[in-house]
1. What are the pairs with Cβ atoms under 6 angstrom where one residue, in region B:192-205, is at positive phi and at the interface with chain A (Cβ under 7 Å from one of its Cβ atoms) and the other, located anywhere, is part of a helix (DSSP H, G or I) and open to solvent by less than 10 Å² (accessible area, probe 1.4 Å)? Sequence gap at least six, or different chains.
2. Please determine, by comparing only the residues of region B:151-166 that are in a loop (DSSP other than H, G, I, E, B) and either more than 22 Å from the chain's Cα centre (by Cα) or more than 8 Å from chain A (Cβ to nearest Cβ) (or both), which one is surrounded by the most Cβ atoms within 10 Å (Cβ to Cβ).
3. Taking only region C:53-75 into account, find how many residues are more than 15 Å from C:VAL112 (Cα to Cα), in contact (Cβ under 8 Å) with a residue 60 or more places away in the chain and β-branched (Val, Ile, Thr).
4. Suppose we keep only residues that are surrounded by fewer than 22 Cβ atoms within 10 Å (Cβ to Cβ) and in contact with a helix residue (DSSP H, G or I) (Cβ under 9 Å, 6 or more places away or on another chain) within region B:138-149. Which one would you say is nearest to A:TYR236 (Cα to Cα)?
5. Quick check on my filter: what residues within region A:97-131 are open to solvent by 30 Å² or more (accessible area, probe 1.4 Å), under 15 Å from A:ALA85 (Cβ atoms) and not in a strand (DSSP E or B)?
6. Restricting to region C:287-311, and then to whatever is open to solvent by 20 Å² or more (accessible area, probe 1.4 Å) and farther than 18 Å from C:GLU195 by Cβ, can you tell me which residue is nearest to the other protein chains (Cβ to nearest Cβ)?
7. Assess whether B:ALA264 counts as being outside the structural domain of B:ALA200 (by the TED database) and touching a helix residue (DSSP H, G or I) at 6+ places or on another chain (Cβ under 7 Å).
Number of protein chains: 4
Amino acid sequence: MQIGMIGLGRMGSNMVRRLMRGGHPCVVYNRHGEAVEALRSQGAVGTVSLEDFVARLTKPRAVWLMVPATVVDEVLAQLVPLLEAGDIVIDGGNSYYRDDMRRAAELQQAGVHYVDVGTSGGVAGLERGYCLMIGGEKDIVRYLDPVFATLAPGVGTAPRTPGRHKPDASAEQGYLHCGPVGAGHFVKMVHNGIEYGLMAAYAEGLNILRNANAGKRSRDSDAETAPMRNPEYYQYELDLPEIAEVWRRGSVVASWLLDLTAAALAEDAELTGFSGRVSDSGEGRWTALAAIDEGVPAPVLSAALFERFASRGDADYANRLLSAMRKQFGGHDEKKEGR
Amino acid sequence: MQIGMIGLGRMGSNMVRRLMRGGHPCVVYNRHGEAVEALRSQGAVGTVSLEDFVARLTKPRAVWLMVPATVVDEVLAQLVPLLEAGDIVIDGGNSYYRDDMRRAAELQQAGVHYVDVGTSGGVAGLERGYCLMIGGEKDIVRYLDPVFATLAPGVGTAPRTPGRHKPDASAEQGYLHCGPVGAGHFVKMVHNGIEYGLMAAYAEGLNILRNANAGKRSRDSDAETAPMRNPEYYQYELDLPEIAEVWRRGSVVASWLLDLTAAALAEDAELTGFSGRVSDSGEGRWTALAAIDEGVPAPVLSAALFERFASRGDADYANRLLSAMRKQFGGHDEKKEGR
Amino acid sequence: MQIGMIGLGRMGSNMVRRLMRGGHPCVVYNRHGEAVEALRSQGAVGTVSLEDFVARLTKPRAVWLMVPATVVDEVLAQLVPLLEAGDIVIDGGNSYYRDDMRRAAELQQAGVHYVDVGTSGGVAGLERGYCLMIGGEKDIVRYLDPVFATLAPGVGTAPRTPGRHKPDASAEQGYLHCGPVGAGHFVKMVHNGIEYGLMAAYAEGLNILRNANAGKRSRDSDAETAPMRNPEYYQYELDLPEIAEVWRRGSVVASWLLDLTAAALAEDAELTGFSGRVSDSGEGRWTALAAIDEGVPAPVLSAALFERFASRGDADYANRLLSAMRKQFGGHDEKKEGR
Amino acid sequence: MQIGMIGLGRMGSNMVRRLMRGGHPCVVYNRHGEAVEALRSQGAVGTVSLEDFVARLTKPRAVWLMVPATVVDEVLAQLVPLLEAGDIVIDGGNSYYRDDMRRAAELQQAGVHYVDVGTSGGVAGLERGYCLMIGGEKDIVRYLDPVFATLAPGVGTAPRTPGRHKPDASAEQGYLHCGPVGAGHFVKMVHNGIEYGLMAAYAEGLNILRNANAGKRSRDSDAETAPMRNPEYYQYELDLPEIAEVWRRGSVVASWLLDLTAAALAEDAELTGFSGRVSDSGEGRWTALAAIDEGVPAPVLSAALFERFASRGDADYANRLLSAMRKQFGGHDEKKEGR
């Protein structure tokens, strides 16, 4: 089934490759010619003109957007006037599901269908397949099934879940029609919120292991600081790369994120290439907002989010306030170093 | 290599089976004859007399304890007098690493070696193998290597980590000598602390998905309660079993815990068999204590722990206090139902 | 200065009383005649007709709304058509500041000024005075100064802050023009967010004190539950009402909320009249949303919010999931009682 | 009643002054002569010899220690051999209550009584009085009553709690016999744990207010970073010193800590003299440990504690791990600046 791809970054280009391997002819568009050229050499029809792109697609056209969430509206403003009733736009990026709802309503005016696809898999997706969380009209999603089936990992990539008895369900292939428009990105949003929590769990735990030698460090003690009471219990020098590796097999905490952690630690246990300013790309925030709107407790997911904010220095003023209060009531000068 | 096993619960019995499959003769002891009988029929030498058990082991004896952490001292009190210098005791249960340190020092008086092994794998371990985190003397741990290698999953159970260049390291087999006595249980303790965080991340996220229909519910609104501002954004009825399943392939949140979650949801999406009183078995608490002792932030791991406490009603008095304060300053009567 | 009051609940009626004591003539309106009658007997001009209410106000009219946030729009829809250019509407309730911004723009069409006032003080405000956080146009806010000054507590109700050198500033009286429209309710929103955090700090701490006797309780111990390691350290029976009382004088944690806590505990240390379902009225949620939007860490304020959600049972499904996962990997049946 | 004071830092010296004002003769000891001299000039009997100090005390001697928790054992080792059966040692510092229990048992061997007093009030205590939380034997504590009554603030320093009917209780004076030895420091420990939570609530809230102008800052947006969706809602420039001041009168969040915050902000709204490395002196950690031991949820108090750890850089490795994971799955390079 022919598919048109707009946005040839890491994700978009790899998805085109996977689609072509699966036998789907691809028409690709990008503002910059390089990425287009690379895919053309691998069999795609490529163009740097949006008009040309649309013209080369057979009707009803299926156009997949794989662009930053912030430029989707801009791309749609250029693209939609070139489309016709019955065409389909798929947003495979990280859009906020509320934007999906608005955009679907706008495109409906022109008879154009809108499908939102939350896509997980990252740079490994080309080989590993992409997990797809899909929102949109039932028959349109069904029509696109061959595309989703090719992008998804396939049932063989994990053992079957015991007790399941839905043999035809696509979830086992790695893609799922979650509900009406927006449902795909809603599920992907929470997926990423969970991801933040998982990442933080590993990071905190490994940090505790790393400091299992804390009893060896002298800690200042004065009226302001209590010394460690039992330094004899914190004398271990633990090998973090080996620990991450050993957990990968047989343990309850085995996961793909752990695999990646082991790979990062195998490369450099000290992680000297990183300063520790952790980005967040929106979904973690939106997940927390959804929890609050729904009245659902999310202390772990929100703590993981706030750790990222703090990693970027955004707690600094609050911390200065704490030191200022301590000075007010106790006359304590802030300590410049040490713990 | 012959091994003696004390404690034939789910874990101990399965480990004996895995060891025997691997060619290690096993002598087993349990107070209750049934479990002994079951293993005897599968090839183990079994006994309900501790003296007999010790007598049947060749020297130096290797005795593996797989008993609740709370009875280890009691078992040692009976066992150690029967042992001789050079014998080895392995505690494969969930002991606190500080107890390991104390016990190792005590056994050393009698010339008996002590090895602590944090064991992860649960009921699936018989087939999947056990992840083993080991603490103790270097040569003793090396001596026991064949036992560990058989219990562990083996390198083939996960893809190799890119960038690793320690071909002989046991971590890839699924077992690791972490350090001196206590180090095994220390690493296992933090492993379980991480497990709490991972579990909470999934649980919170799925709860948010489950409430994606919150806009359909009427919410009381009065001077005390703000209504939902945007009910149109919370109209989704999501299929949790299918979502857990779809994440199992290709997604960033894929993990063994997710596999288990999918299995639990496939069985009963409403989880009606559970009331939501979540137990904790010690390691999560000890991990939080270690973080505090070390001065390492663990907001996610501790939030996961406190959720469990609260699930058992241990926040009730604090909550009544909050309602009492609200009544004091605002005259608000506590609402009996609704959100 | 004449003021018209709409909404004669606890808050509105008491504010009218305080204004009349301060010499401001008040015209009051309520749908139900009882509250009107009560204030009429104390000197107010009262009416159950909105037309009559507006007619009795001298121009430019100053109308103070003290109604639930959810009915403000409804009231404005009836009221504004009766007003004239130059009149002033003051929303003294708990509106979301984003609604203020929208309403101010709407009223501006009719030449009507809009002022938002976050009001703190609760049922004690009649005697103690109200803390007022004000947003709106500079000259309109200045025009209303006599009203604010009367409602506010006055400088004498707290010792002067050392180091301040803004003798004319109203903040020392207990009211403040915070900024343009919405700023008053924005500051009040965060004020309440802080309030949630403060309340939770006391509630958690007192719960820890209440359980200082935990070592006296037997705790089940089995493979699943670690026993308390040091019961000898948790043998205290502490008198919570007396502790709350002693902290009221000289301690770092003295506060008005503590005064209220002491009063609640003096009444009933067991708080048997409360079930522990803690309401939240919006501002705590909005504060957390603001933190997330701004990218500012708020782990304490959000934890306090989520505790309230959990107190109402909204973590139950997440907790059942945790128990279900435990059963999957460890075969653990959920425990029905005990800790 | 004569009292001997060891430790003439800020706290100890001021307590001596308050005792002397109250008519209690004081004998003071310090290793360094300066502090001794200062108090001698104000009427104390002073000495730099411990033997001399003990000799000048009338029997039964009452010796108050006001020294860092870490040197208490050292001081006791020198002091106790000089004492006689019936003498009393009072530890007024920040000792861990478990040390109290051990020390009381040790001193009992020599017939010396041990009283633990958690003391709150800080540098303001001289004028404001000290809040005293006391543990020890009933008759010994009663014997020391005149000393406690003088140090405490007195009933007049706060309005009476409505509903109380314990006219003779000392809690209203600001001191309380909480229970057997250790109970005083246990209550003080939790008091400080609460203090951490209160401080964090104010600090987080004020940080949110400070960033109410976040919509004015441009935020990078790319595939990795979502832009702020509603910058129009974050355009306020709020005056933090004035806001802290206005809350001091009539509001629900009024407290002594807020008074201090207002003073700090009046001095320097930017708090440029502080870097934001927040110390913790032990009690906050011990409170969290107690919550965990007791199985009582303390998400707010522990979040406040962990914020302090993070303020000192102790989350850095965990944060680098998060960035490393993001690079692994998404190919994202860590951003060096911006949000």
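The values are calculated or read from the model by the stated rules, or taken from the named source; none is laboratory data. Everything numeric here is computed off the predicted structure, so don't read it as measured data. Note: ideal-geometry Cβ built from the backbone for every residue, glycine included; neighbour counts use all protein chains shown. The area values use the complete protein model at the heavy-atom level, side chains included, leaving out ligands, DNA and RNA. Shrake-Rupley method; radii C 1.70, N 1.55, O 1.52, S 1.80 Å.
1. none
2. We begin by selecting, within region B:151-166, every residue in a loop (DSSP other than H, G, I, E, B); these are B:152-154, B:158-166.
Subset that is either more than 22 Å from the chain's Cα centre (by Cα) or more than 8 Å from chain A (Cβ to nearest Cβ) (or both): B:159-166.
Numbers: B:PRO159: 9, B:ARG160: 13, B:THR161: 22, B:PRO162: 12, B:GLY163: 13, B:ARG164: 18, B:HIS165: 6, B:LYS166: 13.
Ranking the candidates gives B:THR161 first.
3. Count: 1.
4. Once the filter is applied, the top-ranked residue is B:ASP145.
5. Those that are open to solvent by 30 Å² or more (accessible area, probe 1.4 Å), under 15 Å from A:ALA85 (Cβ atoms) and not in a strand (DSSP E or B): A:GLU106, A:GLN108, A:GLN109, A:ALA110.
6. C:ALA310
7. yes
Conditions tested, residue by residue: (1) farther than 23 Å from C:PHE148 by Cβ; (2) buried (at least 23 other Cβ atoms within 10 Å of the Cβ); (3) in contact with a Cys (Cβ under 7 Å, 6 or more places away or on another chain).
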residue	(1), (2), (3)
C:SER13	no, no, no
C:HIS24	no, no, no
C:ARG40	yes, no, no
C:LEU57	no, no, no
C:ALA62	no, yes, no
C:LEU83	no, no, no
